[in-house]
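Trainee: I am attaching a structure below and will ask some questions about it afterwards.
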Amino acid sequence: MKAFFRTGFLLVLLALGACAPQTLTPEARFLGAELRGLELSPSPALLLGLRVAFHNPNPFPLPLSALGARLKVGEVAVPLDLTLPPGAKEEVLLVRLTPQNALNTAQALLSPQGVEVALEGRTLGRELTFFRTRVALPLEPPRVRRAGVNFFLENPNPLPLRVEGRLVLLGQSFRVEADLPARGEGRLQVVGFRPGLERGSGRLELTLEVPGFFRQTLVLAL
């Protein structure tokens with residue numbers, strides 16, 4: 001009799017196991033990236049936002065940590081502590097890049113060649129790649145505006161810029177510098193400039209700097 005009950009109990013467990021839903025692998029699609037700004041204190045940090053569309057085909061919430069999911073941006077890997085509800089959901093995944101652990105990644109991101117971005121995971125001993133792409137967010141050159149003896153630079157980037165270099169005007173050279181706010185305008189400080197030269201044509205030879213991360217040289221015609 002005991003053997004009969006033991007056998008019956010095992011059959012019930014097997015039946016329950018057969019009825020239990022199997023976890024299906026979610027999908028992820030890369031939608032785009034944007035710079036969210038630059039932290040300067042207590043230390044420089046570049047904030048990158050990655051928009052991702054997820055789809056969880058299971059009828060229950062699924063923690064991505066169960067799949068060992070991690071977001072890779074160049075040399076940086078960030079574990080994803082995110083639980084997906086059933087169905088579709090868009091998320092903005094934030095990555096914080098600092099000069100201490102991600103200087104090369106940040107410099108590549110701000111250049112035309114860009115950096116590789118991937119969302120990876122692992123399940124049942126199998127490696128998963130949800131998506132792999134390349135992201136480049138190069139700096140746009142500032143725009144020059146002249147108002148009499150004053151020169152202004154408009155910064156179209158979502159990051160503040162430090163600008164220095166020289167103004168070449170009518171065969172004369174003057175040292176210039178400015179601090180430009182993100183998506184804002186700043187007056188160019190010109191050392192030694194004299195009234196009477198404001199109508200001349202010339203150029204600005206500048207070095208743009210994202211403090212702690214990136215330097216770029218360019219020439220702007222006046």
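Each row is one residue, and each column tells you yes or no for (1) more than 23 Å from PHE30 (Cα to Cα); (2) out of contact with any Leu (no Cβ under 9 Å at 6 or more places or on another chain); (3) assigned to a strand (DSSP E or B); (4) touching a residue at least 60 places away in the same chain (Cβ under 8 Å).
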position	(1), (2), (3), (4)
THR105	no, no, no, no
VAL117	no, no, yes, yes
LEU139	no, no, no, yes
VAL144	yes, no, yes, yes
VAL168	yes, no, yes, no
ALA182	yes, no, no, yes
ARG203	yes, no, yes, no
GLY212	yes, no, no, yes
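Trainee: Applying the selection to segment 111-135, what residues are farther than 29 Å from THR23 by Cα, open to solvent by less than 60 Å² (accessible area, probe 1.4 Å) and at pLDDT 95 or above?
Mentor: Result: GLY114, VAL115, VAL135.
Trainee: Would you mind telling me which numbered condition in (1) at pLDDT 95 or above; (2) within 20 Å of PRO211 (Cβ to Cβ) THR98 fails?
Mentor: (1)
Trainee: Next question, about the same structure. Report, by residue number, each residue of segment 153-185 that is under 30 Å from LEU97 (Cβ atoms) and surrounded by fewer than 19 Cβ atoms within 10 Å (Cβ to Cβ). Full working, then the answer.
Mentor: Within segment 153-185, the subset under 30 Å from LEU97 (Cβ atoms) is 153-165, 176-185.
Correct list: GLU154, PRO156, PRO158, ARG162, GLU164, GLU177, ASP179, PRO181, ALA182, ARG183, GLY184, GLU185.
Trainee: Continuing with this model, one more query. Based on what the data block shows, is LEU220 part of a strand (DSSP E or B) and not acidic (Asp, Glu)? Talk me through it step by step, then tell me what you get.
Mentor: Numbers: part of a strand (DSSP E or B): yes; not acidic (Asp, Glu): yes.
So LEU220 fits the description; yes.
To keep it simple, each residue is scored yes or no on (1) in a strand (DSSP E or B); (2) over 30 Å from GLN100 (Cα atoms); (3) modelled with pLDDT of 95 or more; (4) open to solvent by 80 Å² or more (accessible area, probe 1.4 Å).
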| site | (1), (2), (3), (4) |
| --- | --- |
| GLN22 | no, yes, no, yes |
| THR25 | no, yes, no, no |
| GLU34 | yes, no, yes, yes |
| LEU38 | yes, no, no, no |
| SER41 | no, no, no, yes |
| LEU48 | yes, no, yes, no |
| ARG51 | yes, no, yes, yes |
| PRO59 | no, yes, yes, yes |
| LEU71 | yes, no, yes, no |
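Trainee: Please determine whether any residue of segment 100-109 is more than 14 Å from the chain's Cα centre (by Cα) and open to solvent by 60 Å² or more (accessible area, probe 1.4 Å).
Mentor: Our first condition is that a residue be more than 14 Å from the chain's Cα centre (by Cα); within segment 100-109, this holds for 100-101.
Pick out the ones that are also open to solvent by 60 Å² or more (accessible area, probe 1.4 Å) and you get 100-101.
For segment 100-109, residues more than 14 Å from the chain's Cα centre (by Cα) and open to solvent by 60 Å² or more (accessible area, probe 1.4 Å): present.
The values are calculated or read from the model by the stated rules, or taken from the named source; none is laboratory data. Note that the structure is predicted; figures quoted are calculated from it, not measured. FYI the Cβ positions are ideal-geometry reconstructions off the backbone, even for glycines, and counts take in every protein chain you see. SASA here: full protein model, heavy atoms, side chains in, ligands and nucleic acids out. Shrake-Rupley method; radii C 1.70, N 1.55, O 1.52, S 1.80 Å.
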